[in-house]
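The values are calculated or read from the model by the stated rules, or taken from the named source; none is laboratory data. This structure is a prediction, so every number in the text was calculated from the model and none was measured. Glycine gets a Cβ as well: all are built from the backbone with ideal geometry, and neighbour counts include every protein chain shown. Each accessible area value is taken on the protein alone, full model and side chains, heavy atoms only, with ligands, DNA and RNA left out. Shrake-Rupley method; radii C 1.70, N 1.55, O 1.52, S 1.80 Å.
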Amino acid sequence: MLGAVPWIAELSVWHAIVISFAVLGELLAIVFVYRVLVRGGSPASTLLWVAVILSAPWLGLLLYYLLPRRLQLRRLKRMRARGQRLQAVRGAEVGKGGDGAAGRGGRELRGALGALLDADVGISEGNTLRWLAGGEEFFAAARTAIERAQRSVHCVVYILRPDDTGRRFLACLTAAARRGVQVRLCFDSFGSFGLRTAHLAELRAAGGRAEPFLPILWKRRPFTVNLRNHRKLLVIDSEVGFVGGRNIADEYRLDRVGNLRRWFDAMLELRGPVVQQLQELFVQDWCTATDEVIADVAPPAPAPPVPEPGASRVAVVGSGPDQESPSLLFALVQAITDAQSEIVLHSPYLVLPAVLRFSLELAVARGVLVSVYTNGARAEAAFLYQAQRHHYRELLRAGIAVYETIDEYNHAKLLVVDERTVLVGSANMDLRSA
């Protein structure tokens, strides 16, 4: 009996530690639940955080720390504001500040979507667009533009892999830097996880800049896994820009996944006053990544007083959690609302926000033909595929045609309304992107 006393004493100590640990977890859970409720957010997100934190306090607190928003968003908004002030300082006549062809001219020619974009981000007149259907076509056009660069090459990309395509792209940037061109590359640290310092050594040695966007441990602040830069943007000399869904990797250039599966994507080449708006977007992203407001970008070229035949009106809509208003979501909803005959939507991840789903259903009720193209079971990851199929019944019941790929992978982010209005970019039609 006397020999059991030390064991009982040791057990009591461990019981006290476990109980104290559990009580501390519950107290912290109450504090963090209060913070979640006070700070607000979407009802679904708030209820999810409350449920996770209360059911598993320590796990919930760890996830809340790893996937924060508020602390980082305050900093992101301050840094983006610094980048936005550059445009006002230079007095560039683009976006909302312009009065000529690059600004608000021709308001009477625009519908509700035009009025919305003109008031929010500004519409640029007199631009030329070129559709780049294939991966080789895009990379060849980008390489030619970089080789002709005189002043600057600016690129933001989510995925840059050090495969054959990635190495070719970096070599092209390095050659431009050696000619004295200001080369700035901003890559997402999570999406480009395989990119190492050694892969960027030659570019940096040539005088080019290559900076990661929000490393996971960002300046000793909380983890930034939840805040990523998904943009694909290339701007050369403030004169030519490329936007769309293509990252820098083999599948995006070769239009192949493995040996058999085809890859589909959407990419545009833009020339004209709108390129300066793309440049401003890069300036803001660069400021977010580096705390540096660059001021050596070329001023916008004067726009012709009368748009040339075939010239296009273009608006650049930047999206992100640090934006003051959901401009992209507004534009998508308004474009769908303006539809009179047909809507064609492409998205690789079809987890539509409720407001977009409702807008599409309402369009069908008005007699608009709505077709949605996405990826099937063989192309998409199982959990993403099941998530997007969750709403298929509602879409089909409303009269929306849904088409899935079989073996091909559709990476395009594209909305076409009445064969007249086109929205193309890097945002997926899901809750995180819109």
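Return the total of residues in segment 204-214 being part of a loop (DSSP other than H, G, I, E, B) and either surrounded by fewer than 17 Cβ atoms within 10 Å (Cβ to Cβ) or in contact with a Pro (Cβ under 9 Å, 6 or more places away or on another chain) (or both). Write out each step before concluding.
The initial filter retains those residues of segment 204-214 that are part of a loop (DSSP other than H, G, I, E, B), namely 206-208, 214.
Next cut, either surrounded by fewer than 17 Cβ atoms within 10 Å (Cβ to Cβ) or in contact with a Pro (Cβ under 9 Å, 6 or more places away or on another chain) (or both) only: 207.
Selection size over segment 204-214: 1.
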| task | Test Leu345 against the stated conditions and say whether it is at pLDDT 90 or above and assigned to a strand (DSSP E or B). | result | yes
| request: Please state which of the following conditions Leu360 fails to meet, knowing it meets all the rest: (1) open to solvent by less than 20 Å² (accessible area, probe 1.4 Å); (2) aliphatic (A, V, I, L, M); (3) assigned to a loop (DSSP other than H, G, I, E, B). | output: (3)
| Could you say whether any residue in segment 101-109 is modelled with pLDDT of 55 or more, small (Gly, Ala, Ser) and surrounded by 15 or more Cβ atoms within 10 Å (Cβ to Cβ)? | no
| task | Pairs only if they're at least six apart or on different chains, beta carbon under 7 angstrom, first in segment 375-396 and under 13 Å from Asn410 (Cα atoms), second polar (S, T, N, Q); list them, first residue then second. | result | Asn375/Thr405; Asn375/Asn410; Gly376/Thr405; Ala379/Thr405
| query | Under 6 Å by Cβ, and 6 or more places apart or on different chains, what pairs join a residue from segment 404-430 that is more than 19 Å from Gly258 (Cβ to Cβ) with one that is modelled with pLDDT under 90 and aromatic (Phe, Trp, Tyr)? | reply | Asn428/Tyr349; Asp430/Tyr349
| request: Working only within segment 341-351, note down all residues that are under 19 Å from the mean Cα position of the chain (by Cα) and open to solvent by less than 10 Å² (accessible area, probe 1.4 Å). | output: Leu345, Ser347, Pro348, Leu350
| remark: Per the list (1) at pLDDT 80 or above; (2) surrounded by 23 or more Cβ atoms within 10 Å (Cβ to Cβ), residue check on Ala303 breaks on (1)
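Which is in a loop (DSSP other than H, G, I, E, B), modelled with pLDDT under 95, surrounded by fewer than 17 Cβ atoms within 10 Å (Cβ to Cβ) and over 15 Å from the mean Cα position of the chain (by Cα), of Arg221, Arg262?
Arg221
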